[in-house]
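**Student:** Below you will find the structure I want to go over with you.
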Amino acid sequence: MEQLKLPGNEIIRGEAPENIEQRCLTLCQDYIGGVWKTAKTTENITVTRITGGLTNQLYRVQLNSAQKCADTNSNDVPTDVAVKLYLKKHVTIGDDGVDDRLNDNIVLTLMSQTKIGPRVLGIFKEGNIQVFHEVGLATLVFAFINLFLFVFSMSFLAPNITRIQMQSVK
């Protein structure tokens, strides 16, 4: 398994599981389907660990070129994805028994649906799968502007969301 080098400080938290290639392949087959189902072994994919995560492990999973050509009917199925595996959070919102990852997944889904974040392909208990995008500095600046606008617009919706959560807890 390769390590993707990012500029700046590199942080690697936790050891990658021994079977990470098989786990990533199985997750992609289960949640994405299409051409991923034709990949029979881990030799058909490339898994690269992305450094920098503090509370998660992030892997780039790519189908090898021979596998991409195996299924011509799956043009809309991404062949380059990011698999995020959750680890224990350092800071939690409270001790009220609410799953902190639920809030993360809600924000992730909203950002995906409004196209200011990567397209979400699957959410599972231990993590999620998103389309992988290789970006440059201009794209990052644009993404931060969109993120600011998203957070600003969510500030108007937050009172309503909080009211819904409080009603569902009772």
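Read-outs throughout are calculated quantities, based only on the coordinates presented, and are distinct from any laboratory measurement. Small disclaimer: the values here were computed from a predicted structure and weren't measured. Glycine gets a Cβ as well: all are built from the backbone with ideal geometry, and neighbour counts include every protein chain shown.
**Student:** Quick check: pseudo-label points 7 Å beyond the Cα along Cα→Cβ at Thr51 and Phe124, how many nm apart are they?
**Tutor:** Output for this residue pair reads 2.8 nm.
**Student:** Need the full-extension length gain, Thr42 to Phe144, defined as separation in residues times 0.36 nm minus the C-alpha distance. One decimal, nm.
**Tutor:** Roughly 33.2 nm would be gained on extension.
**Student:** For Asn64, enumerate residues with amide H under 5 Å from its amide H, sequence gap 5+ or separate chain, H modeled in the peptide plane.
**Tutor:** Ile45, Thr46
**Student:** Still on this structure, please answer the following. Give Lys88/Lys125; Lys37/Lys88; Lys88/Lys115; Lys37/Lys84 a once-over and call out the pairs whose C-alpha atoms are over 22 Å from each other.
**Tutor:** Over 22 Å Cα-Cα: Lys37/Lys88; Lys88/Lys115.
**Student:** Kindly write out, for region 20-34 in residue order, the coupling ³J(HN,Hα) from the Karplus curve 6.51 cos²θ - 1.76 cosθ + 1.60 (θ = phi - 60°), rounded to whole Hz, with x marking Gly and Pro.
**Tutor:** Going residue by residue, I get 4, 4, 5, 5, 5, 4, 4, 4, 5, 5, 6, 9, 9, x, x Hz, with x marking Gly and Pro.
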